[in-house]
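The structure under discussion appears below in the form of structure tokens.
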Amino acid sequence: MEKKTTQITGILIVSLLVCTSLVAVITLSPLDKGAYTYKLSTFESYDDLRSFLQKRFATEENQGRYYDSPNVMFSKESGAANDGSALGGEAPPSYSSTNVQVAGVDEPDIVKTDGTYLYVIANQTVYIIRAYPVFEASILAQIKITNVSISNIFIRGDRLVVFGNTGGYYDYPLLEGDMKVDGTRLGMWWGGVSQTAVNVYDLSERAAPTLVKEIRIDGGYFDARLIDEYVYLVATEYTYNIYYAVDDTNYTLNVPKISIDNETQSISAEDIYYVDVPELSDTMTHVISLNLDTNDVREKSFMLGSSQTMYVSRNNIFLASLHYPYYPLLYRTGDESSTADDQETTILHKISIDTGDVTYIAQGEVPGHILNQFSMDEHNGFFRIATTSGNNWMESSQTSNNIYVLDDTLKQVSKIENIAPGESIYAARFLGDRAYLVTFVQVDPLFTIDLSDPYNPQILGELKIPGYSEYLHPYDETHIIGIGKEVDPSIDADLVHTPGGIYYTAILGLKIALFDVSDIENPVEQAKIVIGDRGTDSPALYDHKAFLFDREKQLLVLPVSLYEITQDVKDRYVESEGVETLYGEFTFQGAYVYHLSLEDGFDYQGRITHQNPEQMQHTEDYYWYWGSSNTDITRTLFIGDVLYTISDSMVMMNNLEDLSEISSINLS
């Protein structure tokens, strides 16, 4: 294999990022902001690095922390005319791709297709499946990686990129002065450092994939993006894996390592940078760029705290996390009002990505916390972010929601605050010059926001309807699809103890709605359907990659776990005077298929399941206590006129015309 160039650069930038979705860190004692310079600095030696972290950890000794762990669908059309051979023939058909947030920025997933082959992660194996023509469907190859837990993949041409985490750890030695001693001695409970794994395969011969690049870097795999030929990967590790002290004299100092094609290097002390800020130094964030055309690798490491929420545009990576700054937040008495210093804030870091180059740009901060990656967006050089501030559990506090617009240096240029007091954001979507927010407490207000003037954002419309949406997806420029839950606040309203709240029995089945926002000042719910009863769920509520929509085919497909409240359940609830739980019983898991159009709304076509007949007959024994099964359909896609549904147990192929089964391939 031709020798490729490798660039290793380490930059450590210290600040606090506290994850809203995976890791939350609460600081219980105040920090002296006046003692810090906020300037970018570098370490001259490893002793300097050790002293820096030692000082920070000493400051943290009296601080308690808890860890709460953690889109438009494109149809690729060929130039050939459709000759009716979409089920099997010579003409390459159209096919669906991964549902992503930003056009041109691919996101890794457990299933990918290129229109001819499927690449499926199931049972810790990557299956390469010939999918088209459908009558020739078969497994061509399987990839397993020793000691690696596979997370997700990219496919680009003849390159397959597999991401995961190593299953093992390696020890670092304990230091006593200048002496190295056994790293497994008493007190070294952490046992070493796990690593992120990246394997790249040449698929010129799909039946015989060849490993062409292997990368291992300290820390756990977080996420990745693919922009043109460049893969950008983010991995994180806690700083207690870099500096761990048993006492004043016994400690470890571990500079992160990266291994490329079995050649390991450490980042030198002179390449470690930090920003002198008062926040805790919890996590190092590694950013790797990989050119799939040349196999060139570049790496930079940023000490950013627990950076766990990521948004990526074509030009920048934005890392965001929640920061609870001070002790008074938990110990303030009811008659004490909050101040700006003890409010939760979201810390933002902007990292430029440009044809493989990775450069730290700016740090910013906004009040409140974000919901997920869809709470952030970059448009025409401005960064927009939606947050929820405050809480409803403290006597002197109330939630409110906000939109902030920041410039290219993450300085705030405008804002809308105090949206829907007492409610919280359940869904957000930025689309060009518009933003859509869903908040909820009793009903579902859908706010339409004009961002065409970034210096003067305005709420133009509001629609209040029962229920709420948790994921918003564009149908076209003037219509939005919302997926969430139906709510009837009148149910058991007399049992509600919190003003403005609802009783749990008011939350009903899975709701899918189509909103007409052509008149931005007067949004309308144009159509809706409700699936099942209380407990009915879909992974599309929290994982947008489970959502399949194609406007040209008028196709909407969702994996659904169906719960239904039988008359027997209702009778038990009445007889127990509310002691028994009024909750649906599991009856089905599979894919619901709809035709969706502006003229006809949601037209139910049918449903597909991977459950076998015995499971269908004995659903009470299925698996729902633990919440998952290898027959769960988690992804759906189409190639031509064939719908493919994927679970850990099989790939099933059905005709989109009538949903009749064509064939299936067993994976377990």
Among what's in segment 447-482 and is within 27 Å of Gln412 (Cα to Cα) and among the polar types (S, T, N, Q), pick the residue that is farthest from the chain's Cα centre (by Cα).
Asn456
Among (1) at pLDDT 95 or above; (2) open to solvent by 70 Å² or more (accessible area, probe 1.4 Å); (3) aromatic (Phe, Trp, Tyr), where does Trp393 come up short?
(1)
Taking Tyr238 as the residue in question, decide whether it is modelled with pLDDT of 65 or more, open to solvent by 30 Å² or more (accessible area, probe 1.4 Å) and of a type outside the set (Asp, Glu).
yes
Given (1) more than 17 Å from Gly535 (Cβ to Cβ); (2) of a type in the set (D, E, K, R); (3) modelled with pLDDT under 85, number of the condition Lys545 does not satisfy:
(3)
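Going through segment 131-156 one residue at a time, which ones are of a type outside the set (A, V, I, L, M) and either touching a helix residue (DSSP H, G or I) at 6+ places or on another chain (Cβ under 7 Å) or in a loop (DSSP other than H, G, I, E, B) (or both)? Break it down stepwise before answering.
Step one: of segment 131-156, the residues of a type outside the set (A, V, I, L, M) are 132-133, 135-136, 138, 142, 144, 146-147, 149, 151-152, 154, 156.
Those that are of a type outside the set (A, V, I, L, M) and either touching a helix residue (DSSP H, G or I) at 6+ places or on another chain (Cβ under 7 Å) or in a loop (DSSP other than H, G, I, E, B) (or both): Tyr132, Pro133, Lys144, Thr146, Asn147.
Limited to segment 564-584, what total is found for residues that are open to solvent by 40 Å² or more (accessible area, probe 1.4 Å) and touching a Gly at 6+ places or on another chain (Cβ under 8 Å)? Steps first, answer last, please.
First, the residues of segment 564-584 that are open to solvent by 40 Å² or more (accessible area, probe 1.4 Å): 564, 566-568, 570-572, 574-575, 577, 579-581, 583.
If we keep only those that are touching a Gly at 6+ places or on another chain (Cβ under 8 Å) too, we end up with 564, 583.
Within segment 564-584, residues that are open to solvent by 40 Å² or more (accessible area, probe 1.4 Å) and touching a Gly at 6+ places or on another chain (Cβ under 8 Å) number 2.
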Just to be sure before I move on: is Asp357 modelled with pLDDT of 80 or more and either more than 29 Å from the chain's Cα centre (by Cα) or open to solvent by 30 Å² or more (accessible area, probe 1.4 Å) (or both) in the structure I sent?
yes
Flagged in segment 497-524 as open to solvent by 30 Å² or more (accessible area, probe 1.4 Å) and modelled with pLDDT of 95 or more, in numbering order, are Asp516, Ser518, Asp519, Glu521, Asn522, Val524
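Is it fair to say Arg384 is within 26 Å of His286 (Cα to Cα), touching a Pro at 6+ places or on another chain (Cβ under 9 Å) and among the basic types (Lys, Arg)?
Working: within 26 Å of His286 (Cα to Cα): yes; touching a Pro at 6+ places or on another chain (Cβ under 9 Å): yes; among the basic types (Lys, Arg): yes.
Against the criterion (within 26 Å of His286 (Cα to Cα), touching a Pro at 6+ places or on another chain (Cβ under 9 Å) and among the basic types (Lys, Arg)), Arg384 qualifies.
The values are calculated or read from the model by the stated rules, or taken from the named source; none is laboratory data. What you see is a predicted model; the values in this text were computed from it and never measured. So basically every Cβ, Gly included, is an ideal-geometry build from the backbone, and we count neighbours across all protein chains shown. We work out accessible area using only protein heavy atoms, side chains counted, and drop any ligands, DNA or RNA first. Shrake-Rupley method; radii C 1.70, N 1.55, O 1.52, S 1.80 Å.
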